[in-house]
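J.: My questions all concern the structure below.
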Amino acid sequence: MAQKRITCYFHPDQLLFKPKYEWAFGLRLKHPESTKRAETIYKALKKHPQLFELKQPNKIPMKYIRETHRARLITLYNTASELTDLETFYTSVFPKLNSTKVDPINIRHAGCFCFDSGTPLDNTVWKASSWSAACSVEAANQLIQHPDKIYYALSRPPGHHATQSQYGGYCYLNNTAIAAKKLRKKGRVVILDLDFHHGNGTQDIFYHDDQVMTISLHGDPRFFFPFFWGYPDEAGQGKGLGYNLNFIFQKNTQIEEFHRILVHHALPRIEQFQPDYLVVAMGFDSFKEDPVGDFLFETQDYFTIAQELTKIKVPTMIVQEGGYSSKSLGLNAVSFLKGFLNS
Ligand code: SP5
Ligand code: ZN
């Protein structure tokens, strides 16, 4: 049955957070995760009212965030909310061990809850991130009610690098994981992460879980962020063993190679698992002009990928992750989402 329209969730308060710069490779760089990203996608969706219905999510109940994240991480975000408008905190000391002295009321201890220097804290992070997570939760709630429809969460800040207890990679709350935890109460879930980067946070959150299968296709972590996770031998643990899959790709990967692995290796595993829901964690940092990712995808390739995903006929929602070529993000998102409508 052809879908009529995709319901898309976005809240304007997601734009309150405006990171100015990140520290990477010893340099102070303009921050790629700008508000322009979400604004461009929003504007592009708005141009096609016959295809996309734009809605604001309801506020997210705290209990959903607590199902995924540790209380002390949330406390740290509350601490950040007390910073003055002039303060932005960048971590620079990262303890290897969880010291008994760690205090999430003290912003200087943020390094214990963070794994990079590209993900600053200020007094807007909590508000923007909780609205970002509200989008994916709303999509999950609606998908449970209407499994024959497609839902898109225009989440920003992104989420897939955030673990239970740590933020990083421009991610604070794992929007995808929070939504998947909701869906998990109703059935088996596959999270398919197609962002250029490995979804280390999502992998970590469901590593011991046999009801949520996590699959990520991404740039080889020997060379690309997050460097220490995302290798093909990370297969899950305990009951979760066999329910985590990582597929890695080299620099300059084009759609043919990615498509081959997706169709012949990833999708058959999804079908075998027989999920009740599919959550696609979607990044457009695989685009040829992306300043962060290093693949060579074209705009129409996102349509092709989406068309393949519709073939497995599982109720599906999409959560926005990365993608930093703001001028192309709108077209790429529209191309991808259209692929779910023409089946
Ligand atoms: C959600 C997501 O896609 N996070 C990616 C985090 C990657 N951070 C490390 C990249 C640092 C390089 N910054 C490049 C600036 C471009 N001039
Ligand atoms: Zn990414």
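J.: Cut-off under 14 Å on the C-alpha distance; same-chain residues fewer than 8 positions from Lys181 excluded. Which aspartates and glutamates are left, in chain and number order?
T.: Glu67, Glu138, Asp204, Asp209, Asp210, Asp276
J.: Moving on to the next point. Using the alpha-carbon atoms, what tilt in degrees (0 to 90, nearest 10) does helix 299-310 show relative to the longest principal axis of the chain?
T.: Around 70 degrees separate the two axes.
J.: Here is a further query. Lys47 versus Ile261, label points 7 Å from Cα toward the beta carbon: distance in nm?
T.: 3.2 nm
J.: As an exercise, use a Förster radius of 22 Å and the Cβ-Cβ distance of Lys239 and Lys63 to find the FRET efficiency, rounded to the nearest 0.05.
T.: 0.35
J.: Let me ask another. Of Thr75, Gly201, Phe25, which is farthest along the charge dipole of the chain in the positive direction, counting Lys and Arg as +1 and Asp and Glu as -1 at C-beta?
T.: Of the listed residues, the answer is Thr75.
J.: Still on this structure: Measure off 7 Å from each Cα along the Cα-to-Cβ vector at Ile312 and Leu29, then give the distance between these two points in nanometres to one decimal.
T.: Result for the modelled spin labels: 3.1 nm.
J.: Just to confirm the number: angle between the C-alpha axis of helix 35-46 and the first principal axis of the chain, 0 to 90 degrees, nearest 10?
T.: Compared with the principal axis, the helix lies near 30 degrees.
J.: Could you give the distance between the Cα centres of the stretch 101-118 and the stretch 1-75, to the whole Å?
T.: 24 Å
J.: Is the shape of the chain best called rounded, prolate or oblate, per the rule: a/c under 1.5 gives rounded, else a/b larger than b/c gives prolate, else oblate, with a ≥ b ≥ c the square roots of the Cα gyration tensor eigenvalues?
T.: Because its axes are fairly even, with a/c under 1.5, the chain counts as rounded.
J.: Considering only Cys8, Val102, Leu121, whose Cα is most displaced toward the positive end of the charge dipole of the stretch 1-128, charges sitting on Cβ of Lys, Arg (+1) and Asp, Glu (-1)?
T.: Comparing the listed Cα positions along the dipole, Cys8 ranks first.
J.: Magnitude of the Cβ-charge dipole of the stretch 128-205, K/R +1 and D/E -1, about the Cα centre, nearest 20 debye? Can you show the working numbers first?
T.: Details: 8 positive and 5 negative charges, 68 e Å.
It works out to roughly 320 debye.
J.: Below 15 Å, Cα to Cα, which aspartates and glutamates can Lys20 reach? Residues fewer than 8 away in the same chain don't count.
T.: Glu33, Asp85, Glu87, Asp122
J.: Another one. Relative to the longest principal Cα axis of the chain, at what angle does helix 326-338 sit, 0 to 90 degrees, rounded to 10?
T.: The answer is roughly 40 degrees.
J.: Turning to a different aspect of this structure: Only four residue types carry charge here, +1 at the Cβ of Lys and Arg and -1 at the Cβ of Asp and Glu. Report the dipole size of the chain about the Cα centre in Debye, rounded to the nearest 20.
T.: The dipole of the chain has a size of about 900 debye.
J.: On to the next question. Starting with the fewest neighbours, write out Met62, Met282 ranked by other beta-carbon atoms found within 10 Å of each beta-carbon.
T.: Met62, Met282
J.: Another question, if that's okay. Could you put Thr202, Thr40 in order, starting from the residue whose Cβ has the fewest other Cβ atoms within 10 Å?
T.: By the 10 Å Cβ count, ascending: Thr40, Thr202.
J.: Calculated FRET efficiency, Gln274 and Leu86, Cβ-Cβ r, R0 56 Å, to nearest 0.05?
T.: On the way: r = 53 Å, r/R0 = 0.95.
Here the calculated transfer efficiency is 0.60.
J.: If one computes the Cα centroid of the stretch 167-199 and of the stretch 211-241, what distance in Å separates the two points?
T.: Spelled out, the Cα-based centre of one part sits 13 Å from the other.
J.: Still on this structure: Rounded to the nearest 5, what % of the DSSP beta bridges within the stretch 1-128 are antiparallel ones?
T.: 55 percent
J.: Now a separate question. Which residue, Val212, Val280, Val93, has the most motion in a Gaussian network model of the chain that connects Cα atoms within less than 10 Å?
T.: Of Val212, Val280, Val93, the most mobile in the Gaussian network model is Val93.
J.: Name the lysines eligible as straight-distance cross-link partners of Lys185: C-alpha to C-alpha under 27 Å, and not fewer than 8 places from it in the same chain.
T.: Answer for Lys185, where 27 Å is the Cα cut-off: Lys55, Lys59, Lys63, Lys127, Lys149, Lys239, Lys311, Lys313, listed by chain and number.
J.: While we're here: With a cap of 15 neighbouring Cβ atoms within 10 Å, and only residues DSSP puts in a loop, list the trypsin sites (Lys or Arg not before Pro) found in the stretch 187-280.
T.: Filter output for the stretch 187-280: Arg222, Lys251.
J.: How far apart, in nm, are two points set 7 Å out from the Cα along the Cα-to-Cβ line at Lys18 and at Lys251?
T.: About 3.5 nm, to one decimal.
Quick note: the coordinates plus some simple rules give every number you see, no bench work behind them. Treat the numbers as computed from the prediction; the structure is a model and nothing was measured. A quick note on method: Cβ atoms are made from the backbone with ideal geometry, for glycine too, and the neighbour counts reach across all protein chains shown.
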